[in-house]
Number of protein chains: 2
Amino acid sequence: MKQTNKQNSALHNKEGKSISNSVSAKSAARIKKLRKKKVSAEELLQAILKGNKPALSRAITLIESQQQNHAKDVSTLIEGCLPHANKSIRIGITGVPGVGKSTFIEAFGNYLIQQGKKVAVLAVDPTSSISHGSILGDKTRMEELVKQENAFIRPTASGDSLGGVAKKTRESIILCEAAGFDTILIETVGVGQSETVVHSMTDFFLLLKLAGAGDELQGIKRGIMEMADAIIINKADGENERPAKKAKAEFKKALHLYPTRQSEWIPKVKLCSALYNSGIEPIWKMIENYRKITQENDYFYHNRHEQNKFWLLQTINEQLKSNFYNQPTIKTELKKQLQLIEENKTTPFEAATYLLKLAKEL
Amino acid sequence: MKQTNKQNSALHNKEGKSISNSVSAKSAARIKKLRKKKVSAEELLQAILKGNKPALSRAITLIESQQQNHAKDVSTLIEGCLPHANKSIRIGITGVPGVGKSTFIEAFGNYLIQQGKKVAVLAVDPTSSISHGSILGDKTRMEELVKQENAFIRPTASGDSLGGVAKKTRESIILCEAAGFDTILIETVGVGQSETVVHSMTDFFLLLKLAGAGDELQGIKRGIMEMADAIIINKADGENERPAKKAKAEFKKALHLYPTRQSEWIPKVKLCSALYNSGIEPIWKMIENYRKITQENDYFYHNRHEQNKFWLLQTINEQLKSNFYNQPTIKTELKKQLQLIEENKTTPFEAATYLLKLAKEL
C-alpha cells in the first residue's frame, strides 16, 4: 500500500503539475506496473545474495505485503535464497515485558559482531496488531546495534494472524541467511502461542527471567520451561545479584525435574546483566557448545527436519485459507453471510456450507 | 473402527462357524452398509428431539468419527437440530488440575437438577490426545450426577487438534440443546488455548481457583482474568476459609483494575465448597442475574452473534483442511514429501507448492 501511495504522489508531482483525472485507470495501472518492474525479483535476489541490506529489507516488505500479485515474486525470492540458507544458528529469545529483552539483544548482538558474526534480529509479536506497536518498533532501544554494518534489525510485521506472522518470519529467516547473516535472533513476547511458534523455528531457545522475591517458579506459563534450552536471569547486578543467585539455584532444581531430552542437552541457568554487559560471553559459549553436541549426535539436523515437516503443513494450511478468502466472489458473499448471521437469518454451519459450495463452483 | 470390528466378529460367530475367507470384499461391504443403515440419521434425529439419551450419545459419536462417509449424516443431524437449539445457557468452567472441577460440576449439576434443569456436561481437553486420558474419563468422580435422568455427561473426544475438538464440541452443544438440555456445562483444563476456545462458545465463563499463600495473583495465565465472568474460590471450608476470604478480597481488587466490559457486567468473586455443597446456590443466582442483565441490554444475543461469526470462519477453515488432506492422492503424496524432507531432498516450501498444485489438478 505504501508503495502505491508513493507512486501516486510521484505522478502528481511530475513536472510541477498534477496529472488530469482523465488518465485512464488502465494506463495508470500500466505505469505502476512498469515502475514496479524497475527492480525485478531476480535483481532483488542477486542483491540479497551479495549481502545488500536495503535489498533484503525491500524483499521482506514484499513478503509482508499480502498482495496476491506479489506471490510470484515472493516465490522467486524464496526459491532463489533456499540453496544459500540453513547455514546459520537460529536463536529464540522470550521473556515477559520488562525483563530486558531489547537491552539483552543489544548487548548480545554487539558481542556477536565483535566475534565476527553477522547478526539478524527478527520478531514475532502477535500483539502488535492490537496495540499497533511492535516489539522492535522503538529502535532507539538498540541504538548501538542498529548502527552496525553487520547487523540487520527488522521490526515485526503488524496486523495479522499468528499463523501469518509465523510464515512471514520463517521466510524472512531464509532471506537473512541467504544474505549472509549467520546468527539469527528471533525475539518474542510471552503472549498466547507465540513462544511455541518461535520455538518451532529456532535451534536454541532462551528464556529471560528476573529474580523475584521467592516466586521464581510462579507465573511461568506451562510448557515454557520445557521449551527453554537455557534460562537467563537478567539484571543480575548490584542489589539484585544475591536474589539472582538464589533464583538460579531454584531454577536449576526445577529443571532437574524434567525428563532427559531427545537432544541429550541439559538446560542451563545463567546470570547476566545486559545493561552492564556482564555474563554475555558465557551465554554464547554455551550456545556454541549446544551446537557442537547436537551436531555430533545429529539432533540439530533431526530437529530442523521435524521443523520443516511442521512448516510444510503450516504452509499448506495458510495457502488453502488465502486461496479461499482472496476470491472476489467469496469476499463479497462472506460479508453478506456475516450480515445474515448478525440478523439471525442463518447459522454458522449453513453459511459455511453455502460458501464452500460456492467456491467449488467458481 | 469399533463398529467394524464388532461386525466382523459377529460374522465369524454366526451359527458357530467362521465364514470362509472367500466372501468377497464387495459383499462384506454391502452387509456392513446394510447394518449401518439400521438406524438412519433421520431416525436418530427424531429420537434426539424426543430427548433420548442413547440416541444423543450415538449422534455425538457420529460427530466425533472423522470418517468422510459420515459427513452427510452429521449434516442431517445438525441441520435438523439447529431450529431446536440455542435455548440454553452455556457455561464454561476452567481451572488448573486439582482445583476441584469435577467435584464442583457434581455439586453444581445436582443442584441444577433439583431446580428442574436438564444438564449436559461436555469437555474440551486438548491434552487428552497426549495422555490418552480425558478430563471426564474418570466418571466415578461424578457418580451422583451420572445417575440422574436429567443429566447427560460426555467424556472428551480424544486424539485430535484443538480446532477439531472445538468444532465437535460446538456441534455437540447443538445436539444437546435440541435434546432438551437447557444448561450446558463445558469443562476445560487451563492448557494452551483451550480456555479461549471454550470462552468462544459459552455465555458465562467461570474460573475456579484455590486460596493460596499470598500468591493468589501469580500463576494466572494472561488473559484468563479478562475472560472470567466470575472467579469461584473452591475448597473454602475448614482451615481454608480464612485464606479463601482473603483471596476473595484480593481478586476483587484485581478485577477492579480492568476496564468496564461491553456486557456492562462486573465480574464477581464467590466462595464455595463443592465437597460440602456450600455456596452453590449463590453461584446459580449470579448466573441467572447475568442472563437477565445481558438479555435486557442485548449483549447476550450480540455475543452469540459474534461467536457465530467466529465459528463460521472456523468451520470453513477446518473444512478446507479436511477436504485437502482427505484426498487419497494427497495422503500418499504427502507421505512421500515428508520422507523427502527427512532426507533433505526438498524444502517445506517446494513440497507445499507441489502438493497444492497437485490438488488443483485432481
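When A:Gln262 is tested against (1) surrounded by fewer than 14 Cβ atoms within 10 Å (Cβ to Cβ); (2) in contact (Cβ under 8 Å) with a residue 24 or more places away in the chain; (3) within 14 Å of chain B (Cβ to nearest Cβ), only condition (3) is not met.
Within the range B:188-204, the only residue that satisfies the criterion of being in contact with an Asp or Glu (Cβ under 7 Å, 6 or more places away or on another chain) and modelled with pLDDT of 95 or more is B:Phe204.
Among residues that are under 26 Å from the mean Cα position of the chain (by Cα), outside the structural domain of A:Asn110 (by TED's automatic domain parsing) and among the β-branched types (Val, Ile, Thr), A:Ile287 is not included. Determine whether the range A:291-298 contains at least one residue that is surrounded by 14 or more Cβ atoms within 10 Å (Cβ to Cβ), closer than 30 Å to A:Pro243 by Cα and not small (Gly, Ala, Ser). So far as the range A:291-298 goes, no, none of its residues is surrounded by 14 or more Cβ atoms within 10 Å (Cβ to Cβ), closer than 30 Å to A:Pro243 by Cα and not small (Gly, Ala, Ser). Based on what the data block shows, is B:Glu288 more than 8 Å from chain A (Cβ to nearest Cβ), charged (D, E, K, R), in a helix (DSSP H, G or I) and surrounded by 14 or more Cβ atoms within 10 Å (Cβ to Cβ)? Spelling it out, it is not the case that B:Glu288 is more than 8 Å from chain A (Cβ to nearest Cβ), charged (D, E, K, R), in a helix (DSSP H, G or I) and surrounded by 14 or more Cβ atoms within 10 Å (Cβ to Cβ). Scanning the range A:272-323 for residues that are of a type in the set (Gly, Ala, Ser) and within 27 Å of A:Lys101 (Cβ to Cβ) yields A:Ser273, A:Ala274, A:Ser278, A:Gly279. Restricting A:Ile60, A:Ile113, A:Ile105 to those that are outside the structural domain of A:Thr183 (by TED's automatic domain parsing) and either part of a helix (DSSP H, G or I) or among the charged types (D, E, K, R) (or both) reduces the list to A:Ile60. Tell me, please, whether a residue that is farther than 30 Å from B:Asn69 by Cβ, touching a His at 6+ places or on another chain (Cβ under 9 Å) and of a type outside the set (A, V, I, L, M) can be found in the range B:297-313. Looking through the range B:297-313, none of the residues is farther than 30 Å from B:Asn69 by Cβ, touching a His at 6+ places or on another chain (Cβ under 9 Å) and of a type outside the set (A, V, I, L, M).
Look at (1) under 21 Å from B:Asn234 (Cβ atoms); (2) part of a loop (DSSP other than H, G, I, E, B) and you find that B:Tyr258 fails only one, number (1).
Within the range A:74-111, how many residues turn out to be of a type in the set (Asp, Glu) and within 14 Å of chain B (Cβ to nearest Cβ)? Steps first, answer last, please.
Residues of the range A:74-111 of a type in the set (Asp, Glu): A:79, A:106.
If we keep only those that are within 14 Å of chain B (Cβ to nearest Cβ) as well, we get A:79.
Total satisfying the criteria: 1.
Considering every residue within the range B:312-333, establish whether at least one is touching a residue at least 24 places away in the same chain (Cβ under 8 Å), within 30 Å of B:Leu355 (Cα to Cα), within 14 Å of chain A (Cβ to nearest Cβ) and touching a Ser or Thr at 6+ places or on another chain (Cβ under 7 Å). No.
If you filter the range A:59-102 down to residues that are buried (at least 16 other Cβ atoms within 10 Å of the Cβ) and basic (Lys, Arg), you find that the one that is farthest from A:Ile280 (Cα to Cα) is A:Arg90. Among the criteria (1) at positive phi; (2) within 14 Å of chain A (Cβ to nearest Cβ), the one B:Asn277 does not fulfil is (2). Within the range A:243-254, the set of residues being out of contact with any strand residue (DSSP E or B) (no Cβ under 6 Å at 6 or more places or on another chain) and farther than 21 Å from A:Thr103 by Cα comprises A:Lys246, A:Ala249, A:Glu250, A:Lys253, A:Ala254. Tell me whether the range B:166-187 contains one or more residues that are within 24 Å of B:Asn308 (Cα to Cα), modelled with pLDDT under 85 and either within 14 Å of chain A (Cβ to nearest Cβ) or surrounded by 23 or more Cβ atoms within 10 Å (Cβ to Cβ) (or both). Yes, there is a match, as at least one residue in the range B:166-187 is within 24 Å of B:Asn308 (Cα to Cα), modelled with pLDDT under 85 and either within 14 Å of chain A (Cβ to nearest Cβ) or surrounded by 23 or more Cβ atoms within 10 Å (Cβ to Cβ) (or both).
Considering the range A:213-237, and only residues there that are surrounded by fewer than 17 Cβ atoms within 10 Å (Cβ to Cβ) and modelled with pLDDT under 90, the residue that is nearest to the other protein chains (Cβ to nearest Cβ) turns out to be A:Gln218.
Sort out which residues of the range A:341-362 are facing chain B (nearest Cβ under 10 Å) and of a type in the set (A, V, I, L, M), and write them in order of number. Selection gives A:Ile341, A:Ala351, A:Ala352, A:Leu355, A:Leu356, A:Ala359.
For the range A:265-285, the set of residues classified as assigned to a helix (DSSP H, G or I) and free of Cβ contacts under 8 Å to residues at least 40 places away in the same chain consists of A:Pro282, A:Lys285, listed by residue number. Filtering the range A:302-311 down to residues that are facing chain B (nearest Cβ under 8 Å) and free of Cβ contacts under 8 Å to residues at least 24 places away in the same chain, which residue is surrounded by the fewest Cβ atoms within 10 Å (Cβ to Cβ)? If we take residues in the range A:302-311 being facing chain B (nearest Cβ under 8 Å) and free of Cβ contacts under 8 Å to residues at least 24 places away in the same chain, then A:His305 is surrounded by the fewest Cβ atoms within 10 Å (Cβ to Cβ).
The values are calculated or read from the model by the stated rules, or taken from the named source; none is laboratory data. Please read all numbers here as calculations on a predicted model, not as lab measurements. Positions of Cβ are backbone-derived with ideal geometry, glycine not excepted, and every protein chain shown enters the neighbour counts.
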